[in-house]
């Protein structure tokens, strides 16, 4: 009878976890059609090129590491080269992460507390303030981080070295998804040293063995990846964009502004879920109050610390960076639940404390559901795109790409003066230049002017059939001291009748308007946010 009851309880918890995953998936299915944002466009377009036999960094310049592009190749190969296909891949990745957040939480929390952790992670990972509908790199990193850290603790708990190898291997995949994943490897090494010293005192052999298996897993993947990059002949390009330029990118924000930027961004991140984030914040207090009572407590402190550090490089603190903290954030919510349920005032009536904690958590979730009800359940794709991204032309990119597809052949090239690579992906047309983002050219570093000249040279040589100019601040992030060669070059092309305006898109708060020749194009644009489509004159060709 007791065995049957224990089995029944296990089944109930797994059943609830499946319900959490299904409910999250239902909402994500509604969001499948949301247009790609520019980072998704970069990943998808580069993956598209890879399927054509063109490796990354040759015709698509980016400081992203190649693991993310490989992941996108798998996704668009399985589910199609559409935003629906990409977001289907995200749905699956998110569902697997929810499972491993639950499994990782079990090292610290009760089963119900772990369910609270999984539910918190799943709900926050959907939030519009974290751009949860987009398949950003952070979703791939936290997938690897939760699985890798789970195997780390499992290996230490069971003294199984093979799990430490798995941990190192999977965590290194996370690094190849995005450089920030390195912080979860640093966390693991520190904890391995701590655990070995605490458990085996002066015996160094277990520590050496632990570290060796863990590092072997890392070096296997890293070594093989670098050999492949070298073999296909892109090592120099890979090194420049992912290390040399990335170093310049990290130095763009003044450290004196870091706290202000963090507070500004964090305020927006928590805006749709204030009670839930308060519930989570209470978990930090309980963590230090009950430090001696929590299993693997030092690991949890490191997890909290390095989750925060992982969003700090460059001090940009962009909204979706906070996704890297969500597994830890979920565990803190579960810790709050367990701590309230077991408060000394409820010792005589444990069930009462459990229900109080559960009611508080449900109230937090319901408040957030109410505040995000339009985004989660009612808004159309246009409303969602502009609610999350403001005047960025992500919805409009679909219509622009449709025009490009209809009026070009597969051999025609297109140039975008702006950072909108999703248009290349939708239209299945190649960029005239490897510069998919204008940001590197606008930044203050020693390569900026050379990048602008290289971009101009690409257009001169390939003479794209269409040039798309994006007059939107966030597509450029132009600074007062930015070089202006690229703008002067566009003026030259237009003033010398090499390119003519044949399409105009005006983006307003509630609607976008499209004007195409031979219809009348309204000039000057009424909106400050607009996109011009310029066609090459035959004489220039």
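Structure values in brief
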quantity	calculated
Residue that is touching a helix residue (DSSP H, G or I) at 6+ places or on another chain (Cβ under 9 Å), more than 30 Å from residue 426 (Cβ to Cβ) and in the same structural domain as residue 174 (by TED's automatic domain parsing), where the choices are 119, 134, 71	119
Residue match in the range 134-141 (condition: at pLDDT 95 or above, surrounded by 24 or more Cβ atoms within 10 Å (Cβ to Cβ) and part of a loop (DSSP other than H, G, I, E, B))	yes
Residues being under 29 Å from residue 448 (Cβ atoms), in a loop (DSSP other than H, G, I, E, B) and in contact with a strand residue (DSSP E or B) (Cβ under 6 Å, 6 or more places away or on another chain) - total across the range 486-541	3
Selection count, the range 115-133, where residues are over 17 Å from residue 276 (Cβ atoms) and crowded, with 24+ Cβ neighbours inside 10 Å	1
Residue among 415, 401 that alone is under 18 Å from residue 534 (Cβ atoms), touching a strand residue (DSSP E or B) at 6+ places or on another chain (Cβ under 8 Å) and either touching a residue at least 60 places away in the same chain (Cβ under 8 Å) or surrounded by 15 or more Cβ atoms within 10 Å (Cβ to Cβ) (or both)	415
Matching helices (runs of 4 or more DSSP H) fully within the range 181-268 where at least 1 residues are surrounded by 14 or more Cβ atoms within 10 Å (Cβ to Cβ) and without any contact (Cβ under 8 Å) to a residue 12 or more places away in the chain	182-200, 205-231, 235-239
Contacts under 9 angstrom Cβ, first residue in the range 363-381 being in the same structural domain as residue 124 (by TED's automatic domain parsing), partner exposed (fewer than 12 other Cβ atoms within 10 Å of the Cβ), 6 or more apart	369/377
Residue within the range 364-384 that is over 23 Å from the mean Cα position of the chain (by Cα) and crowded, with 20+ Cβ neighbours inside 10 Å present	yes
Condition met for residue 283 (in contact (Cβ under 8 Å) with a residue 40 or more places away in the chain, assigned to a helix (DSSP H, G or I) and closer than 30 Å to residue 373 by Cα)	yes
Residues satisfying the stated conditions in the range 151-169, i.e. touching a residue at least 40 places away in the same chain (Cβ under 8 Å) and surrounded by 24 or more Cβ atoms within 10 Å (Cβ to Cβ)	152, 164, 167, 168
Qualifying positions in the range 33-63 - within 16 Å of the chain's Cα centre (by Cα), under 16 Å from residue 422 (Cα atoms) and not in a helix (DSSP H, G or I)	34, 35, 36, 37, 62
Matching entry among 147, 86 (being over 27 Å from residue 189 (Cα atoms), in a helix (DSSP H, G or I), in the same structural domain as residue 286 (by TED's automatic domain parsing) and in contact with a helix residue (DSSP H, G or I) (Cβ under 8 Å, 6 or more places away or on another chain))	86
Qualifying residue in the range 470-482 (condition: surrounded by 16 or more Cβ atoms within 10 Å (Cβ to Cβ) and either in a strand (DSSP E or B) or more than 32 Å from the chain's Cα centre (by Cα) (or both))	yes
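The values are calculated or read from the model by the stated rules, or taken from the named source; none is laboratory data. Everything numeric in this text was worked out from a predicted model, so none of it was measured. With ideal geometry, Cβ positions are generated from the backbone for all residues, glycine too; neighbour counts draw on all protein chains shown.
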